[in-house]
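Below: one structure, written as structure tokens.
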Amino acid sequence: MSTFIEKMLGKPAGTAATVTPNYIVINDGVSHRAVDEITAVADRDRVWVIYDHDVPTGTPQGSDRLKKNLMFAKKYGCRYIQAKGVGYQYMLNCVVKPGEIVIGAGSHGSIFGAIGALGINVPIPELARIAETGRYSVMVPETVCVSVTGQLKKGTSVMDAAFTFLKNMAGIEGKVIEFYCPNLTAQEKAVLCSMACMTGAYTAVVREGEPANAVKFSLDGVEPMIMMPCGSREEQGNAVINPKSALEGTALQGGQIGGYTGGTIEELRKAAELIEGKKLVLGFRLTVCPATAKDYIEAMEEGIISKFIDYGAQISAAGDHSVVTQGAGVMGHGEKLLTTGLYTFSGAMGCEDAFIYSGSVESVITASTTKKI
């Protein structure tokens, strides 16, 4: 029986395959560097340029990236997306269909596996070549099947489950992960698929039936987890993940809820419920960043944004905001931030000597009432 990746690429594992992707995505986060290398565009309708990270631009460098990407899109007649929020989440919700192929140069393209599409992350030079030729070639990888059983306990989230998976899974680098996870919601499946590739996996996807040879992963024993600060961006994949209990009492100055891991309408609703009857502790700066414009509008219509403002939070524009070097939400010298974002490298959120921790919405809201992990 063929695996998902074998069906999508049309060849068995271990053989070479060449396909035409439906979408080639360039944004202002990492993949903008491909613009410097691209000398032609094979099919302008397949290349999407998305402004979704430094929104609105908080640095001169961010403004330069915006202008560069916009000029590139105009030159080649590519679609340019602005003010829609996190590109991955917008495309997942409104653009990509099951069975389609999306190629980008970020870290979380596997999010599309939640709906049965193939999301692939490639290096910058390869992304440039794919845009120029309209073709993608690869040796078809092997597949590992994972059966996700049980239920998450109160106070834990799919982020905690994904962190636990990352901490305990080995031997899947370069392979495709097929998740059988019938007990998870659509949003939870998207988070799990996207975070799974932080293991170095090729991509991840949700499958319908439970395979006979699956590795078992139980949600029953999942506890709140925290991803620790790390050195450089290149070291992010090796960031240490610890139980939250091991860090209890760590003083914090700020918290951030946003991105596809915390800024979707489902997570914003959860956060709004968690702050009911509570008070933002004096001196703690809480930033809320809706994932997409649609999430932002829904949160306003449901009164969620008003609840956050009354609580004392600051609201950012819809977008990624997982790396902010200047502007709202950044940390000062020696300060500590707990974010639902997945980047904890030095300088990711302000000063190089700030400390960035990653955790669930539940963990961030708890910290906002105590100023501690």
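The values are calculated or read from the model by the stated rules, or taken from the named source; none is laboratory data. Just so it is clear, the structure is predicted and the values come from calculations on it, not from any experiment. So basically every Cβ, Gly included, is an ideal-geometry build from the backbone, and we count neighbours across all protein chains shown. Note: accessible area is taken over every heavy atom of the protein model, side chains too, but ligands, DNA and RNA are not part of it. Shrake-Rupley method; radii C 1.70, N 1.55, O 1.52, S 1.80 Å.
Tabulated results
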{"quantity": "Percent carbon-and-sulfur accessible area, the chain, ignoring ligands, DNA and RNA, probe 1.4 Å", "calculated": "52"}
{"quantity": "Cα gyration tensor, region 327-373 - rounded (a/c under 1.5), prolate or oblate", "calculated": "prolate"}
{"quantity": "Two-decimal log10 I(q)/I(0) for region 206-299, as the Debye equation yields it once each C-alpha is a single scatterer, q = 0.15, 0.18 Å⁻¹", "calculated": "-0.95, -1.20"}
{"quantity": "Rg over Rh, two decimals, region 268-360 (C-alpha only, Kirkwood Rh)", "calculated": "0.97"}
{"quantity": "Residue-count net charge about residue 319 - beta-carbon cut-off 12 Å; Lys, Arg +1, Asp, Glu -1", "calculated": "-4"}
{"quantity": "Separation between Cα centres of region 150-172 and region 236-293, rounded to whole Å", "calculated": "17"}
{"quantity": "Rounded to whole Hz, the Karplus (6.51, -1.76, 1.60) HN-Hα couplings of region 312-329, x for glycine and proline", "calculated": "x, 7, 9, 10, 9, 4, 4, x, 6, 6, 7, 10, 10, 8, 9, x, 4, x"}
{"quantity": "In region 145-212, the GluC sites (Glu not before Pro) that fall in loop regions by DSSP, at most 16 other Cβ within 10 Å", "calculated": "173, 208"}
{"quantity": "Whole-number percent relative contact order across region 16-67, with pairs defined as alpha carbons under 8 Å at least 6 apart", "calculated": "42"}
{"quantity": "Low-density loop positions, GluC sites (Glu not before Pro), region 93-148 - DSSP coil, at most 16 other Cβ in 10 Å", "calculated": "142"}
{"quantity": "Sparse-neighbour loop sites [GluC sites (Glu not before Pro); region 294-353; at most 10 other C-beta within 10 Å; DSSP]", "calculated": "352"}
{"quantity": "Heavy-atom accessible area order for 159, 300, largest first, 1.4 Å probe", "calculated": "300, 159"}
{"quantity": "Solvent-accessible heavy-atom area per residue, rounded to whole Å², over the chain at 1.4 Å", "calculated": "41"}
